[in-house]
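K.L.:
Mind looking over this structure? Questions follow.
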Amino acid sequence: MSQAGSNATSAPRLVIAGGGLAGLSLALALKQALGDSLGVVMCDPALQRDPHGDTRAFAIAAAARRMLEAIGIWHKVAPKAQPILDMVITDSRLQDPVRPTFLTFEGEVGEGEAFAHMVTAGDLTVALIAACETSGVDLRAEAVESFQTRAAHTDVKLAGGEILPAALLVAADGGRSRLREQAGIGWISWPYGQSGIVATILHERDHEGRAVEHFLPSGPFAILPLKSETLVDGTVKHRSSIVWSERTENVAGLLEADSADLLTELERRFGLQLGRIAFETPPYAYPLSFGVARSFVGDRLALLGDAAHVIHPIAGQGLNLGLHDAAALAEIVADAMRLGQDPGSGEVLEAYERARRTDITAMGLVTDGLNRLFSNDWLPVRLVRDLGLGVVDRMPALKRFFIREAAGLTTREPPRLLKGEKL
């Protein structure tokens, strides 16, 4: 593994604590942009695990896909990625015999470019790790235990006791970030009283690239298309990922139910439009909440991804926000170093804070508001929101705006990577 120097004549070092998709993307983008002029160390015990079995599915918006293309990994995952060709939104109660469609989205954000693709975390992680190794990122399968900021660097202590002097530490260690807490950065949060049940579902008929979002009183239920698989005997497996938002008090009973009973509950939400259904992966649940850091930076510290913000999955934008963080921080650090500036200086970190605060705040407010609006069975609210959905559905220009918003293409001054440009 490559070792970045720690004395005054060596290249500065950047340490990333957390080997998730946003952290790996940042590491790769920086090494490609700066080469040996910056040592990049990625620390996470999870790096010793085989990522191939990670079946979690994510919607990669068009802007994030352009970034993955710019850092040279999209071609590796594209054969397994499923483009979302259109989306249908309904609003109903669970017992309603018919779920009327109030809003549909379809079309492309560019010629031959879908507004989003579904990709598994395993496929993305495998491609990113391989590219990081090739580019010279120092991958360490151990955790960052603590850090201590000095005048011109920060001492990053690993779980094994090694201390790495670094110009900048990036905390990408999740919503319960220990490094954020150690830095004394406040966290504004509240629970939704909902949990997200996630699983991969097999179904008889082809989804034809359609995503479906059912707004139900207990929370949104999303059906997201995955790439079909052709088996050696010629059989085709049609698959989708579900994100089933449910009141937390109901979740334990659902997951502990007999498999046939759970499948019956799933069918009530999934519907019969794709034929018979079955679980391909066991369902699991996690609590849903909102959270945002009071600051995205500290002394020689930058927060990335869930360590900086956690939002409701109603719009599928959680990972995309993290990739936007990585694109912004990579560009700011790369540009600063090319001008001979300290990558961990206050000026660099303030630029990152400015670049991300508005976008994250806006997305947090939108997802929070949508969840509160649609997880509500009060008749006057239902009438108003359904009227609003109907109005949007009849205005092509407004629908195009929302498609570009979902694709991550409405940011006023997006980082170069999100435009598909190399650093």
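The values are calculated or read from the model by the stated rules, or taken from the named source; none is laboratory data. Remember, it's a predicted structure, so these values are computed and weren't measured experimentally. Cβ: placed from backbone, ideal geometry, glycine included. Neighbour counts: every protein chain shown.
K.L.:
I'd like to verify a number: residues in segment 61-93 that are within 24 Å of P282 (Cβ to Cβ) and either assigned to a strand (DSSP E or B) or of a type in the set (D, E) (or both), how many?
P.N.:
Total satisfying the criteria: 1.
Yes/no matrix, rows are residues, columns are (1) surrounded by 20 or more Cβ atoms within 10 Å (Cβ to Cβ); (2) under 20 Å from the mean Cα position of the chain (by Cα); (3) of a type in the set (A, V, I, L, M, F, W, C):
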position	(1), (2), (3)
S135	no, no, no
A152	no, no, yes
E162	no, no, no
P225	yes, yes, no
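K.L.:
Which condition number in (1) modelled with pLDDT of 95 or more; (2) more than 16 Å from G72 (Cβ to Cβ); (3) not hydroxyl-bearing (S, T, Y) is the one that N7 fails?
P.N.:
All conditions pass for N7, except number (1).
K.L.:
Could I ask something else about it? Could you run through segment 338-360 and say how many residues are among the small types (G, A, S), in a helix (DSSP H, G or I) and touching a strand residue (DSSP E or B) at 6+ places or on another chain (Cβ under 9 Å)?
P.N.:
1
K.L.:
Of the conditions (1) in a loop (DSSP other than H, G, I, E, B); (2) hydroxyl-bearing (S, T, Y); (3) at pLDDT below 90, T55 fails just one. Which one is it?
P.N.:
Looking at each condition in turn, T55 falls short on (3).
K.L.:
In addition: Taking segment 229-249 only, how many residues are assigned to a loop (DSSP other than H, G, I, E, B) and among the β-branched types (V, I, T)?
P.N.:
In the first step, residues of segment 229-249 are kept if they are assigned to a loop (DSSP other than H, G, I, E, B); the result is 231-235.
Within this subset, residues satisfying the condition of being among the β-branched types (V, I, T) are 232, 235.
The qualifying residues number 2.
K.L.:
Could you please tell me which pairs satisfy a Cβ distance under 9 Å, a separation of 6+ or placement on different chains, a first residue in segment 344-365 that is buried (at least 19 other Cβ atoms within 10 Å of the Cβ), and a second residue that is modelled with pLDDT under 90?
P.N.:
A355/E413; D359/T411; M363/A315; M363/Q317
K.L.:
How do the strands (runs of 3 or more DSSP E) wholly within segment 106-196 filter down when requiring 3 or more residues that are touching a residue at least 60 places away in the same chain (Cβ under 8 Å) and either closer than 20 Å to V15 by Cβ or touching a Lys or Arg at 6+ places or on another chain (Cβ under 7 Å) (or both): which remain?
P.N.:
On the way: elements: 108-110, 116-120, 138-140, 144-149, 154-158, 163-166, 168-171.
Those strands (runs of 3 or more DSSP E) span 138-140, 144-149, 154-158, 163-166, 168-171.
K.L.:
Let me spell it out: the conditions are (1) in contact (Cβ under 8 Å) with a residue 40 or more places away in the chain; (2) exposed (fewer than 15 other Cβ atoms within 10 Å of the Cβ); (3) under 30 Å from A17 (Cα atoms), and E204 meets all of them except one. Which number is the exception?
P.N.:
Condition not satisfied by E204: (3).
K.L.:
Of the residues A29, A17, A61, only one is at pLDDT 95 or above and over 26 Å from G160 (Cβ atoms); which?
P.N.:
Numbers: A17 fails: over 26 Å from G160 (Cβ atoms); A61 fails: at pLDDT 95 or above.
A29 is the lone residue from the list that is at pLDDT 95 or above and over 26 Å from G160 (Cβ atoms).
K.L.:
Restricted to segment 282-333, and to residues that are closer than 22 Å to A211 by Cβ and of a type in the set (S, T, N, Q), which residue is modelled with the lowest pLDDT?
P.N.:
The residue in question is Q317.
K.L.:
Taking only pairs six or more apart or across chains, which ones have beta-carbon atoms under 6 Å, a first residue in segment 84-95 that is modelled with pLDDT of 75 or more, and a second residue that is in a strand (DSSP E or B) and hydroxyl-bearing (S, T, Y)?
P.N.:
Going by the 6 Å Cβ cut-off, the qualifying pairs are V88/T101; V88/T104; T90/T101.
K.L.:
If I filter segment 235-244 for residues that are over 25 Å from A116 (Cβ atoms) and not β-branched (V, I, T), do I get at least one hit? Before the answer, list the steps.
P.N.:
Let us first name the residues in segment 235-244 that are over 25 Å from A116 (Cβ atoms), namely 235.
Those left that are additionally not β-branched (V, I, T): none.
The answer is no, given that none of the residues of segment 235-244 is over 25 Å from A116 (Cβ atoms) and not β-branched (V, I, T).
K.L.:
Out of everything in segment 27-39 that is in a helix (DSSP H, G or I) and touching a Gly at 6+ places or on another chain (Cβ under 9 Å), what residue ends up being surrounded by the most Cβ atoms within 10 Å (Cβ to Cβ)? Working first, answer last.
P.N.:
To start, the set of residues in segment 27-39 that are in a helix (DSSP H, G or I) comprises 27-37.
Filter once more, keeping what is touching a Gly at 6+ places or on another chain (Cβ under 9 Å): 27-28, 31-32, 35-36.
On the way: A27: 30, L28: 28, K31: 25, Q32: 21, G35: 11, D36: 10.
The extreme case among them is A27.
K.L.:
Ok, one more. Being in contact with a strand residue (DSSP E or B) (Cβ under 9 Å, 6 or more places away or on another chain) and not aliphatic (A, V, I, L, M) is the filter; apply it to segment 46-61 and report the residue that is nearest to A22 (Cα to Cα).
P.N.:
Initial filter on segment 46-61 (in contact with a strand residue (DSSP E or B) (Cβ under 9 Å, 6 or more places away or on another chain)): 47, 54-61.
Those still in the list that are not aliphatic (A, V, I, L, M) too: 54-56, 58.
Working: D54: 16, T55: 17, R56: 15, F58: 13 Å.
Ranking the qualifying residues of segment 46-61, first place goes to F58.
K.L.:
List, please: which pairs have Cβ atoms under 9 Å, are six or more places apart or on different chains, and start with a residue in segment 51-78 that is over 20 Å from P415 (Cβ atoms) and end with one that is of a type in the set (D, E, K, R) and outside any helix (DSSP H, G or I)?
P.N.:
Between residues of segment 51-78 that are over 20 Å from P415 (Cβ atoms) and residues that are of a type in the set (D, E, K, R) and outside any helix (DSSP H, G or I), the close pairs are T55/E280.
K.L.:
A further question follows. From L226, L202, L231, which residue is within 25 Å of A121 (Cβ to Cβ), hydrophobic (A, V, I, L, M, F, W, C), modelled with pLDDT under 95 and touching a Lys or Arg at 6+ places or on another chain (Cβ under 7 Å)?
P.N.:
On the way: L226 fails: modelled with pLDDT under 95; L202 fails: modelled with pLDDT under 95.
Step by step, each of L226, L202, L231 is checked, and only L231 is within 25 Å of A121 (Cβ to Cβ), hydrophobic (A, V, I, L, M, F, W, C), modelled with pLDDT under 95 and touching a Lys or Arg at 6+ places or on another chain (Cβ under 7 Å).
K.L.:
Looking at segment 122-133 only, could you name the residues that are β-branched (V, I, T) and crowded, with 22+ Cβ neighbours inside 10 Å?
P.N.:
Looking only at segment 122-133, we keep the residues that are β-branched (V, I, T), and these are 125-126, 129.
Of everything in segment 122-133, just one residue is β-branched (V, I, T) and crowded, with 22+ Cβ neighbours inside 10 Å, namely T125.
So that you can scan it fast, the table gives a plain yes or no per residue for (1) surrounded by 17 or more Cβ atoms within 10 Å (Cβ to Cβ); (2) of a type in the set (S, T, N, Q); (3) closer than 30 Å to A152 by Cα:
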{"site": "G253", "(1), (2), (3)": "no, no, no"}
{"site": "D258", "(1), (2), (3)": "no, no, no"}
{"site": "R276", "(1), (2), (3)": "no, no, no"}
{"site": "T281", "(1), (2), (3)": "no, yes, no"}
{"site": "Y286", "(1), (2), (3)": "no, no, no"}
{"site": "G298", "(1), (2), (3)": "yes, no, yes"}
